[in-house]
């Protein structure tokens, strides 16, 4: 599997559940992978299990984070999948700090890196993918500003694509939203526990009520598919479910 041989792939949030699988998949595809995360322990463990990757411990919400990352590895493919763990309580039980956590993390790093991709700019043919969430389309009433933040990532991808087209940069910007909660991930476990508690039902019943969710493998393969050259070179917003990839109109 050498579909990304010679490509520089940068993955922000690489020590998380989704990030780890993305690192593994792109490295297996022959890419030169730079794994970026705040968690040094997680990065060290990742480097031990995935041969040949580079790691960078960095808070991607710092204003100078893009320049630090691009100085280390200028990406052909940039994937932003880092973010804060959302709260799991109804709106009236939250402080503003809790409600805005994903705006200050997920949205800020998406803004900073998309702006940098446009102003550097990245080379023609480069791809930027923001990992969003199905909550952006369906809402998530016990996770504060999470759904709104993930929807804003979709706006950022679309706005950035418009600017890339207007400036004739040849860079594609996309948002990719896993359609459903993935119970095996850290975020999924948090969501399952929160919603089960909120609804007053066992976690097993909540999981049993869900349609078959996409897997981490499905998300990684969707990112791979979107990273490859596309006819017409269009960006956009996409969901990935157990049924595959679908473009959001």
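The values are calculated or read from the model by the stated rules, or taken from the named source; none is laboratory data. Quick caveat, the model's predicted, so the values are computed rather than measured. Neighbour counts are summed over all protein chains in view; Cβ atoms, including those assigned to glycine, are modelled from backbone coordinates with ideal geometry.
Search region 89-106 for residues that are in contact (Cβ under 8 Å) with a residue 40 or more places away in the chain and pair each with any residue that is surrounded by 17 or more Cβ atoms within 10 Å (Cβ to Cβ) and part of a helix (DSSP H, G or I) when their beta-carbon atoms are under 6 Å apart and the residues are at least 6 apart or on different chains.
102/146; 102/149; 103/149; 106/149
Any chance you could count how many residues in region 137-178 are within 13 Å of the chain's Cα centre (by Cα) and within 18 Å of residue 213 (Cα to Cα)?
Here the count works out to 3.
Of everything in region 1-20, what is at negative phi and surrounded by 22 or more Cβ atoms within 10 Å (Cβ to Cβ)? Give them in sequence order.
Across region 1-20, the qualifying residues are 4, 9, 10, 11, 12, 14, 15, 16, 18, 19, 20.
Counting just the residues of region 90-111 that are buried (at least 17 other Cβ atoms within 10 Å of the Cβ) and assigned to a loop (DSSP other than H, G, I, E, B), which one comes out farthest from the chain's Cα centre (by Cα)?
Out of the qualifying residues, it is 94.
If I filter region 112-133 down to residues being out of contact with any helix residue (DSSP H, G or I) (no Cβ under 6 Å at 6 or more places or on another chain) and assigned to a helix (DSSP H, G or I), which single residue comes out as nearest to residue 62 (Cα to Cα)?
115
Which one of these does residue 126 not meet: (1) under 21 Å from residue 171 (Cα atoms); (2) surrounded by fewer than 17 Cβ atoms within 10 Å (Cβ to Cβ); (3) in contact with a strand residue (DSSP E or B) (Cβ under 9 Å, 6 or more places away or on another chain)?
Here residue 126 clears every test but (2).
When you go through (1) in a loop (DSSP other than H, G, I, E, B); (2) at pLDDT below 95 one by one for residue 14, which number turns out not to apply?
(2)
Among 126, 105, 132, 110, which is over 26 Å from residue 246 (Cβ atoms) and at pLDDT 95 or above?
105
Residues that are within 14 Å of the chain's Cα centre (by Cα), surrounded by 20 or more Cβ atoms within 10 Å (Cβ to Cβ), part of a helix (DSSP H, G or I) and modelled with pLDDT of 95 or more: does region 22-29 have at least one?
Within region 22-29, one or more residues are within 14 Å of the chain's Cα centre (by Cα), surrounded by 20 or more Cβ atoms within 10 Å (Cβ to Cβ), part of a helix (DSSP H, G or I) and modelled with pLDDT of 95 or more.
Run residue 59 past the list (1) within 16 Å of residue 113 (Cα to Cα); (2) surrounded by 18 or more Cβ atoms within 10 Å (Cβ to Cβ) and report the number of the one that doesn't hold.
With (1) within 16 Å of residue 113 (Cα to Cα); (2) surrounded by 18 or more Cβ atoms within 10 Å (Cβ to Cβ) applied to residue 59, the lone miss is (2).
Look through 54, 44, 59, 64 and report the one residue that is closer than 20 Å to residue 127 by Cβ and free of Cβ contacts under 8 Å to residues at least 24 places away in the same chain.
54
Could you grab me the full set of residues in region 189-225 that are crowded, with 18+ Cβ neighbours inside 10 Å, farther than 12 Å from residue 88 by Cβ and free of Cβ contacts under 8 Å to residues at least 60 places away in the same chain?
206, 213, 214, 218, 222 - these are the residues of region 189-225 that are crowded, with 18+ Cβ neighbours inside 10 Å, farther than 12 Å from residue 88 by Cβ and free of Cβ contacts under 8 Å to residues at least 60 places away in the same chain.
Consider region 43-68. How many of its residues are assigned to a helix (DSSP H, G or I), within 21 Å of residue 106 (Cα to Cα) and in contact with a helix residue (DSSP H, G or I) (Cβ under 8 Å, 6 or more places away or on another chain)?
Qualifying residue count, region 43-68: 3.
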